[in-house]
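For reference, the structure discussed in these notes is given below.
The values are calculated or read from the model by the stated rules, or taken from the named source; none is laboratory data. The model shown is predicted, which means the values in this text are computed figures rather than measured ones. Every residue, glycine as well, gets a Cβ built from its backbone with ideal geometry; the counts of neighbours run over all protein chains shown. Side chains are part of the model used for accessible areas, which takes the heavy atoms of the whole protein and leaves out ligands, DNA and RNA. Shrake-Rupley method; radii C 1.70, N 1.55, O 1.52, S 1.80 Å.
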Amino acid sequence: MKITAARVIVTCPGRNFVTLKIETDEGLIGLGDATVNGRELAVVSYLQDHVIPTLIGRDAHAIEDTWQYLYRGAYWRRGPITMAATSAVDVALWDIKAKAANMPLYQLLGGRCRTGVMCYGHANGADIAETLDEVARFIDMGYLAIRAQCGVPGIASIYGVTKDKLFYEPADAAIPTESTWSTPKYLDHVPKLFDAIRAKFGFEKHILHDVHHRLTPIEAARLGKSLEPYRLFWLEDPTPAENQEALRWIRQHTVTPIAIGEVFNTIHDCRTLIQEGLIDYIRTAVVHAGGITHLRRIASLADLHHVRTGCHGATDMSPVCMGAALHFDLSVPNFGIQEYMRHTTQTDEVFPHAYTYADGYLQPGEAPGHGVTIDEELAARYPYRPSALPVNRLEDGTLWNW
Ligand code: CS2
Ligand code: MG
């Protein structure tokens, strides 16, 4: 089966998505997500100018060779733009192969390892009271695992707290908006949130929290220790992890489980974290970490070191990514949990999909391939809108991690 054409579809049903569509001489098509929030057009160019011309005429079944061609053959390896483009090609080819085999993708990946994919929703509020109400709402929706984020007195706006309570779009302007951060105020407040959650709801539900890269390692160690009584499922991105060895400081001080990896794009970004057991969950995503092919490699390394998967699944990753992720989640032995930040109705209409949610679990569905399609006519009605993620500054103006 030969690749005969490939093109990029950019659409903005409430937020920008970049989708790669690959066509073959047997009439089968495959879709891959190539969305990098705030950097969408860079991936569009990389695909159109440097990848698609090399795909035409290639064997659509040669997934691994194509992956190696796009990774080793690129010379300039790794990085979010290169790897998102590689991911999109990889997922589109897995979609095609599963359709050619007339089976849902998870069957091609080794079959079902579990009854369903446990997911977590995002409860957030301007203060503790509103966050408790949102946690209650997600419990009512059947979630077994809930991430809780809340406003902090003295901080005007904070990551993860939004007016829309089901979806979250942080890329809110063409030029980055600026927010102000205070670690002392945050560290004093967060334990009160989880004390209130456990006091009200007990310990039956898994509770998660995303620090979003904002602490130094020793501050993160302090937070992890202070949250131990509340038995979090995980504390996410406690400190920027380019310096993987820094996580040793956190591990020495606390048993609160750690999840890192949503900004990683290859196994090399997390090799030390995994091999030294510095994390408990690896967050790498299908769309950003080299597609199904590379994510399986990361998961296999993680499996050797008691690390489980916890794929990133924010609103800014398209339903194509979510669909492919669920087939991966169903079949990977060391699955942990899947993030499930819902998409808007507009987005779901542009990307009809087979996956479903019920009682705290997601199912990828039984459609051949990854089960996600795109309505190109509807997609064309939503033109690209320049959007950038915010930047963050400390109260003295120092540029900090957003
Ligand atoms: C967050 C994301 O979902 C998460 O865990 O870290 O919302 C992240 O901020 C966005 O994906 C950035 O585009
Ligand atoms: Mg996160």
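Scanning the range 289-301 for residues that are of a type outside the set (S, T, N, Q) and more than 16 Å from ligand 1 (Cβ to nearest atom) yields GLY290, GLY291, ILE292, HIS294, LEU295, ARG296, ARG297, ILE298, ALA299, LEU301. Criterion applied to PRO390, PRO333, PRO383 was being within 16 Å of ligand 2 (Cβ to nearest atom) and open to solvent by 10 Å² or more (accessible area, probe 1.4 Å), and the one residue passing it is PRO390. Counting only strands (runs of 3 or more DSSP E) that fall entirely inside the range 147-249 and contain at least 3 residues that are within 16 Å of ligand 2 (Cβ to nearest atom) and either open to solvent by less than 60 Å² (accessible area, probe 1.4 Å) or outside the structural domain of THR345 (by TED's automatic domain parsing) (or both), the qualifying elements are 206-210, 234-236.
Can you tell me which residue within the range 252-272, out of those that are more than 16 Å from ligand 1 (Cβ to nearest atom) and crowded, with 18+ Cβ neighbours inside 10 Å, is nearest to ARG77 (Cα to Cα)?
Among those that are more than 16 Å from ligand 1 (Cβ to nearest atom) and crowded, with 18+ Cβ neighbours inside 10 Å, it is THR266.
Among the residues of the range 250-272, those that are within 16 Å of ligand 2 (Cβ to nearest atom), in a loop (DSSP other than H, G, I, E, B) and within 17 Å of the chain's Cα centre (by Cα) comprise GLY261, GLU262, VAL263, PHE264, ASN265, CYS270. Within the range 56-67, not a single residue is of a type in the set (Ser, Thr, Tyr) and open to solvent by 40 Å² or more (accessible area, probe 1.4 Å). Does TRP249 satisfy the condition of being within 16 Å of ligand 1 (Cβ to nearest atom), touching a residue at least 12 places away in the same chain (Cβ under 8 Å) and farther than 22 Å from ALA126 by Cβ? So TRP249 fails the test. Any residue in the range 273-282 that is in contact (Cβ under 8 Å) with a residue 24 or more places away in the chain, acidic (Asp, Glu), open to solvent by 10 Å² or more (accessible area, probe 1.4 Å) and in a helix (DSSP H, G or I)? Among the residues of the range 273-282, not one is in contact (Cβ under 8 Å) with a residue 24 or more places away in the chain, acidic (Asp, Glu), open to solvent by 10 Å² or more (accessible area, probe 1.4 Å) and in a helix (DSSP H, G or I), which makes the answer no. Taking the conditions exactly as written (surrounded by 21 or more Cβ atoms within 10 Å (Cβ to Cβ) and away from ligand 2 (no atom under 16 Å from the Cβ)), does LEU295 satisfy them or not? Against the criterion (surrounded by 21 or more Cβ atoms within 10 Å (Cβ to Cβ) and away from ligand 2 (no atom under 16 Å from the Cβ)), LEU295 qualifies.
Evaluate the range 306-319: report whether one residue or more is of a type in the set (Val, Ile, Thr), more than 16 Å from ligand 2 (Cβ to nearest atom) and under 26 Å from TYR69 (Cβ atoms). Let's see the steps before the verdict.
Residues of the range 306-319 of a type in the set (Val, Ile, Thr): 307, 309, 315.
Right, trim to more than 16 Å from ligand 2 (Cβ to nearest atom) and you get 307.
Add one more test, that the residue is under 26 Å from TYR69 (Cβ atoms), and what stays is none.
No, the conditions are met nowhere in the range 306-319.
LEU193 falls short on exactly one of the conditions (1) without any contact (Cβ under 8 Å) to a residue 12 or more places away in the chain; (2) within 25 Å of THR254 (Cα to Cα), and that condition is (1). For the range 104-136: of the residues being under 16 Å from TYR361 (Cα atoms) and open to solvent by 20 Å² or more (accessible area, probe 1.4 Å), which is nearest to ligand 2 (Cβ to nearest atom)? Among those that are under 16 Å from TYR361 (Cα atoms) and open to solvent by 20 Å² or more (accessible area, probe 1.4 Å), it is MET118.
Scanning the range 94-103 for residues that are buried (at least 24 other Cβ atoms within 10 Å of the Cβ) and not β-branched (Val, Ile, Thr), we see that the one that is farthest from MET322 (Cα to Cα) is ALA98.
Looking only at the range 336-358, residues that are in contact with a helix residue (DSSP H, G or I) (Cβ under 6 Å, 6 or more places away or on another chain) and within 15 Å of ligand 2 (Cβ to nearest atom) come to 1 in all. Among the residues of the range 27-55, which ones are in contact (Cβ under 8 Å) with a residue 60 or more places away in the chain, surrounded by fewer than 24 Cβ atoms within 10 Å (Cβ to Cβ) and of a type outside the set (Val, Ile, Thr)? Within the range 27-55, LEU28, ASN37, GLY38, LEU41 meet the criteria.
In the range 302-314, is there at least one residue being surrounded by fewer than 24 Cβ atoms within 10 Å (Cβ to Cβ) and within 14 Å of ligand 1 (Cβ to nearest atom)?
Just the residues of the range 302-314 that are surrounded by fewer than 24 Cβ atoms within 10 Å (Cβ to Cβ), to begin with: 303-306, 308, 314.
Within this subset, residues satisfying the condition of being within 14 Å of ligand 1 (Cβ to nearest atom) are 314.
Scanning the range 302-314, I find at least one residue that is surrounded by fewer than 24 Cβ atoms within 10 Å (Cβ to Cβ) and within 14 Å of ligand 1 (Cβ to nearest atom), so the answer is yes.
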